[in-house]
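Visitor: Got a structure for you, written out below as structure tokens; questions coming shortly.
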There are 2 protein chains.
Amino acid sequence: MPSRPRDATATRGAILDAGRAQFARDGFERVTIRSVAAEAGVDPAMVMRYFTNKAGLFTEAAALELVLPDLRGLGPDAIADALVDRFFALFEESPTLLVLLRAAATSPEAAERLLGVLLEQAGPALATAAVDRPAERAALVGSQILGFAFVRLVLGAPALAAMSREDVRAWVGPTLARYLTDPDLGP
Amino acid sequence: MPSRPRDATATRGAILDAGRAQFARDGFERVTIRSVAAEAGVDPAMVMRYFTNKAGLFTEAAALELVLPDLRGLGPDAIADALVDRFFALFEESPTLLVLLRAAATSPEAAERLLGVLLEQAGPALATAAVDRPAERAALVGSQILGFAFVRLVLGAPALAAMSREDVRAWVGPTLARYLTDPDLGP
DNA sequence: CTCCCTGGTCAACGCTTGTTGACTTGAGGC
DNA sequence: GCCTCAAGTCAACAAGCGTTGACCAGGGAG
């Protein structure tokens, strides 16, 4: 056994990383504490020590801050580009949003958390760019972003999976811009 | 005990209905054969008798035919209205598509099935209305429809959940129309 | 060197799950 | 009235799960 040096924060981090990776791949229920511990090279009891629960591990693995850019004063095209770039980066830099997206489909708690992210983080930021009806417009932007991520990353549709960041900008950017700024939209 | 009359097709149907309802509410893994049997008022062994497997029950509960309308010769607005109406009805008349949407998030097999529905059923029908790049345009339409359903039905966002069919037409119809028919879209 | 606290191990528990096989019951054909 | 086969019941199985508590070890402080 290599028996790594004893380091609480390191093993805690290893468990959290392994958990996040598995939650992103398999959702909540298919992930077992034993499989997370195995991937982290750790005893299953360590998971309980640091996260008390499987739910506790998930809660921490799914903690998310969108940190959206300031959209005030930008034109429709610039808004769209900024949003596409930010979400593109968000999905690339960490699997956290994918964790939440996957789990939300089968867990009411996770769904509520993702809805909270949408309403409390994305909502206010997007509202600053909406010409009217900010709740509807922000939710529609969220629906297109999540739907795109779902079909691209979860279903793995080739037509969307093959798109580069520039492609995504060109294809869905205008939709996001219009959802926020088109005054003729809505009933 | 009321002891209903012995009727194979009736109990089979009761099991299938209960299974579909629970899969639509909870996804695949949270549903247990015992809970389905209980809701159907039947012994758990009956589920195995008629569907051999939990997977077999799911396969049958998730069988889906979109039956999209013929879009050829329609203008952009008519195309959008027809699509919104059809999917609105699809989600209302049966929980099957919701079953597939929920399960796809955590099961590769279900994801492949939903992707198959998208590529083999929605794809060809939508391609008849696409000005070019039919694969990309059809997938984008699918992403917006599934994303809308996800945020409305799974997350339960109030702004989308409160929309009537006419509201949905007015808000997302133009997006669907442009994804298919806007010649300036894409890279 | 010795204490002791923290990080880590181990084996087991109780429970639920999918699934099985042997059994019982009911109704229609002779 | 009885026989038979389909429909339905019952109890149990093996496996996997989350979780627990008692135990070991190792390294810095005195």
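Visitor: What does the highest-first list of A:106-116, B:64-74 look like by mean Cβ count within 10 Å?
Guide: Working: A:106-116: 18.9, B:64-74: 13.2.
Packing proxy ranking, top to bottom: A:106-116, B:64-74.
Visitor: At q = 0.22 Å⁻¹, what is the base-10 log of I(q)/I(0) for region A:93-185 according to the Debye formula with one equal point scatterer per Cα and no solvent? Please give it to two decimals.
Guide: Taking Cα atoms of region A:93-185 as identical point scatterers yields -1.19.
Visitor: Next question. What is the sum of charges, Lys and Arg at +1 and Asp and Glu at -1, for the other residues whose Cβ falls under 15 Å from the Cβ of B:G27?
Guide: Spelling it out: positives minus negatives among the neighbours equals +2.
Visitor: In percent, how large is the relative contact order of region B:1-81, given Cα pairs closer than 8 Å and 6 or more residues apart?
Guide: On the way: 48 pairs, mean separation 22.3, N = 81.
RCO, region B:1-81: 28 percent.
Visitor: Using only Cα atoms, tell me the angle between helix A:76-93 and the longest principal axis of chain A; keep it within 0 to 90° and round to the nearest 10.
Guide: 10 degrees
Visitor: Using the alpha-carbon centroid of each, what span in Å lies between region A:130-178 and region B:6-41?
Guide: Each part's Cα centre sits 35 Å from the other's.
Visitor: Rounded to the nearest 20 debye, what is the charge dipole size of chain B about its Cα centre when +1 sits on each Lys and Arg Cβ and -1 on each Asp and Glu Cβ?
Guide: So the magnitude is around 620 debye.
Visitor: What translational diffusion coefficient, to the nearest whole µm²/s, does region B:58-119 have by Stokes-Einstein, given a Kirkwood radius computed over alpha-carbon pairs, a temperature of 25 °C and 0.890 mPa s viscosity?
Guide: Reported coefficient: 193 µm²/s.
Visitor: Quick one: Karplus J couplings for region A:21-29, per residue in order, coefficients 6.51, -1.76, 1.60, θ = phi - 60°, nearest Hz, x for Gly and Pro?
Guide: Residue by residue, region A:21-29 yields 4, 6, 4, 5, 7, 10, x, 7, 6 Hz.
Visitor: Separate question: Could you pull the copy-to-copy label distances for B:G116, with points set 7 Å along Cα to Cβ, in nm to one decimal and sorted shortest first?
Guide: 3.8
Visitor: Tell me the Rg and the Dmax, in Å, that the Cα atoms of chain A produce.
Guide: 18.9, 67
Visitor: For A:A89, place a label point 7 Å from Cα along the Cα-to-Cβ direction in every copy; what are the distances to the other copies, in nm, shortest first?
Guide: Nearest first, the other copies' label points are 4.6 nm away.
Visitor: Using a ≥ b ≥ c from the Cα gyration tensor of the protein assembly as shown (square roots of the eigenvalues), is it rounded, prolate or oblate, where a/c under 1.5 gives rounded and otherwise the larger of a/b and b/c decides, a/b for prolate?
Guide: It comes out oblate by the Cα gyration axes.
Visitor: Mind listing the phi-derived Karplus ³J(HN,Hα) values for region A:148-155, rounded to whole Hz, using 6.51, -1.76 and 1.60 with θ = phi - 60°, and x for any glycine or proline?
Guide: Taking θ as phi minus 60°, the curve returns 4, 4, 4, 5, 6, 9, 8, 7 Hz for region A:148-155.
Visitor: I'd like to know how region B:8-61 sits against the 2.2 N^0.38 Å rule of thumb: what's its Cα Rg over that expected value?
Guide: Region B:8-61 yields a ratio of 0.94.
Visitor: Follow-up question, since we're still on this one. Let's see if you can work this out: charge +1 on each Lys and Arg Cβ, -1 on each Asp and Glu Cβ, no other charges. What is the dipole magnitude of region A:76-181 about its Cα centre, in debye to the nearest 20?
Guide: Working: 9 positive and 12 negative charges, 37 e Å.
It comes to approximately 180 debye.
Visitor: Counting pairs of alpha carbon atoms under 8 Å apart in space and at least six apart in sequence, what relative contact order in percent does region B:76-181 give?
Guide: 38 percent
Visitor: Also, I was wondering about something else. Considering the rotational relationship between chains B and A, which residue of chain B contributes the beta-carbon of minimal distance to the axis, and what is that distance to the nearest Å?
Guide: For chain B, the closest residue to the axis carrying it onto A is B:G147, 1.
Visitor: How many partner chain Cβ atoms sit within 10 Å of a residue's Cβ in peptide B:145-153, on average, as a whole number?
Guide: 6
Visitor: Let me ask you something else. Can you sort A:M48, A:M163 so the residue with the fewest Cβ neighbours within 10 Å comes first? Can you show the working numbers first?
Guide: On the way: A:M48 15, A:M163 22.
Ascending number of Cβ neighbours within 10 Å: A:M48, A:M163.
Visitor: In nm, one decimal, shortest first: how far is the label point of B:G75 (7 Å from Cα along Cα to beta carbon) from the matching points in the other copies?
Guide: B:G75 label point versus its equivalents elsewhere: 3.0 nm.
Visitor: ³J(HN,Hα) across region B:102-109 via Karplus (A = 6.51, B = -1.76, C = 1.60, θ = phi - 60°), whole Hz, x for Gly/Pro?
Guide: With the stated coefficients, region B:102-109 comes to 5, 5, 4, 5, 10, 10, x, 5 Hz.
Rule-based calculations on the coordinates, nothing more; no lab input. It should be emphasised that the depicted structure is a prediction, and the values quoted were computed from it without experimental measurement. Neighbour counts run over all protein chains shown; Cβ positions are idealised from the backbone, glycine included.
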